[in-house]
Amino acid sequence: MNRTDRSPIKAPPLRTPGQSLREERDRILDEKLEPPFLVALLLALIAGLEWYRSYMSVPPMPWVYTVAALIAGLFAFWRWRRYRPLMRSMRLGIHGEIVVGQFLERLRESNFQVFHDVVGDGFNVDHVLIGPNGIYTIETKTWSKPFVGDAKVRFDGDRIVVGSHKPDRDPIIQARAQAKWLRTVLEESCGKKFEVRPVILFPGWFVEPLPKTLKNLWVLEPKALPSFVKQEPETLGLDDVKLASFHLSRFIRLHARIEPRSA
């Protein structure tokens, strides 16, 4: 089947800390642990059915098991077809967040603190930057690009148009809500009000230059972010950077203890 879209990520992301261990763990689970348990479960089920037939003098019922196998097979195929686009979208999103995250790590050289995957109540902020030039929440949108046709992102201050269509879920509302949430978290935690600017990044897309009047929200390609940030005045001293970073770190650790997440 011919695909009409493509990944915007031109090269795979660099490897992340602990990735080899996670891959080896997943390989052991998939190849060494799950197969024998599944075989043992299947054999236990067959043994149970045979003991049932033996005690109850039940004749063989191949048609019953054949129909059950067909139903199970059709259900598995339906489930695979249903979740295949979601899994592909999730894989693309993971690659995009890793690429952007590794790119943002370079800002540590400019006294920025970088946080990834900050979890809130039923949502997450992909990345947070805290540095002398301000505090930023970053939403990464790694969306497939068309093989042919319009592959630009346009933002006029009111709406975002990706390619030739407007997204069903407005990322502007999402990004502004994330910035407002982080302002509230920091104010409640350290008792100080910080300005937080929302940013939306589209890896691999051409984002048309923003009008100079748009300062409260940026829609950018990741490579443009450092220059935008460094053009901002230094509004936070190092003490404020450390204060905000400390309280956000504490929030992240507290949230992780309350709601453990799998590795």
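The values are calculated or read from the model by the stated rules, or taken from the named source; none is laboratory data. Quick caveat: nothing in here was measured; it's all calculated off a predicted structure. Here the Cβ is made from the backbone with ideal geometry for all residues, glycine too, and neighbour counts use every protein chain on show. In case anyone asks, the SASA skips ligands and DNA or RNA and just uses the protein heavy atoms, side chains included. Shrake-Rupley method; radii C 1.70, N 1.55, O 1.52, S 1.80 Å.
Return the loop-located trypsin sites (Lys or Arg not before Pro) in the stretch 115-211 (DSSP other than H, G, I, E, B) with at most 12 other Cβ atoms within 10 Å of their own Cβ; answer none if there are none. Let's see the in-between values first.
On the way: sites: K141, K152, R154, R159, R169, R176, K180, R183, K192, K193; in loops: K141, R159, R169, K192, K193.
Of the trypsin sites (Lys or Arg not before Pro), the ones in loops of the stretch 115-211 whose Cβ has at most 12 other Cβ atoms within 10 Å are R159, R169, K192, K193.
If you stretched the chain out fully between R159 and F246, how much longer would it get, using 0.36 nm times the residue separation minus the C-alpha to C-alpha distance? Present the calculation step by step, with values, prior to reporting the outcome.
Numbers: separation 87, 0.36 × 87 = 31.32 nm, distance 3.46 nm.
Working it through step by step, the gained length comes to 27.9 nm.
How would you order 230-237, 219-226 from highest to lowest mean count of nearby Cβ atoms within 10 Å? Write out the running numbers ahead of the final one.
Details: 230-237: 12.1, 219-226: 18.0.
Answer by packing, highest mean first, reads 219-226, 230-237.
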Relative contact order for the stretch 112-191: what percent, with Cα pairs under 8 Å and sequence separation of 6 or more? 17
Percent accessible area from carbon and sulfur atoms, the chain, protein chains only, probe 1.4 Å: 60
Name the residues whose placed amide hydrogens come within less than 5 Å of the amide hydrogen of G120, ignoring near sequence neighbours (fewer than 5 apart) on the same chain. V125
With a 1.4 Å probe and all protein chains left in place, how much accessible area per residue does the stretch 124-182 have, in Å²? 43
Would you work out which of F115, P171, P146 lies farthest towards the positive end of the dipole of the stretch 98-179, given +1 charges on the beta-carbon of Lys and Arg and -1 on that of Asp and Glu, about the Cα centre? P146
Full extension between L70 and A47 adds, at 0.36 nm per residue less the Cα distance, a length in nm of 6.2 nm
Just the accessible area for W80, please: 1.4 Å probe, Å², rounded to the nearest 10? 130
Hits among lysines - C-alpha to C-alpha of K193 under 21 Å, sequence gap 8 or more where chains match: K180, K215, K242
Any idea how far apart L33 and R106 come out in nm if each label point goes 7 Å out from Cα toward Cβ? 3.9
The list (i) 187; (ii) 157; (iii) 139 gives values of volume of the Cα convex hull per residue in Å³, and only one came from this structure; which label was calculated from it? (i)
Rounded to the nearest 10 Å², what accessible area does V67 show when all protein chains are kept and the probe is 1.4 Å? 80
Given only helices, namely DSSP H runs of n ≥ 4 each adding -39500 (n - 2.57), what is the per-residue ellipticity at 222 nm of the chain, to the nearest 500 deg cm²/dmol? -16000 deg cm²/dmol
Packing-based ranking, highest mean first, of 125-135, 37-47 given that Cβ atoms within 10 Å are counted: 125-135, 37-47
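What ranking of M61, M56 comes out by heavy-atom accessible area, probe 1.4 Å, highest first? Kindly include the intermediate steps, with their values, before the conclusion.
On the way: M61 70, M56 115 Å².
Order by accessible area, largest first: M56, M61.
Tally the DSSP beta bridges in the chain and give the antiparallel ones as a percent, rounded to 5.
Numbers: 17 of 28 bridges.
Roughly 60 percent of the DSSP beta bridges within the chain come out antiparallel.
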Can you give the local net charge around V207? Use residues other than it whose beta-carbon is closer than 12 angstrom to its beta-carbon, Lys and Arg +1, Asp and Glu -1. +2
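With only Lys, Arg, Asp and Glu charged, each at its Cβ (+1 for the first two, -1 for the last two), find how big the charge dipole of the chain is about the Cα centre; round to the nearest 20 debye.
On the way: 39 positive and 30 negative charges, 89 e Å.
Dipole of the chain, to the nearest 20 debye: 420 debye.
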Tell me the accessible surface of D26 in square angstrom (1.4 angstrom probe, heavy atoms of protein chains only), to the nearest ten. 60
What number, in percent, do you get for the relative contact order of the chain if the mean sequence gap of Cα pairs under 8 Å and at least 6 apart is divided by its residue count? 19
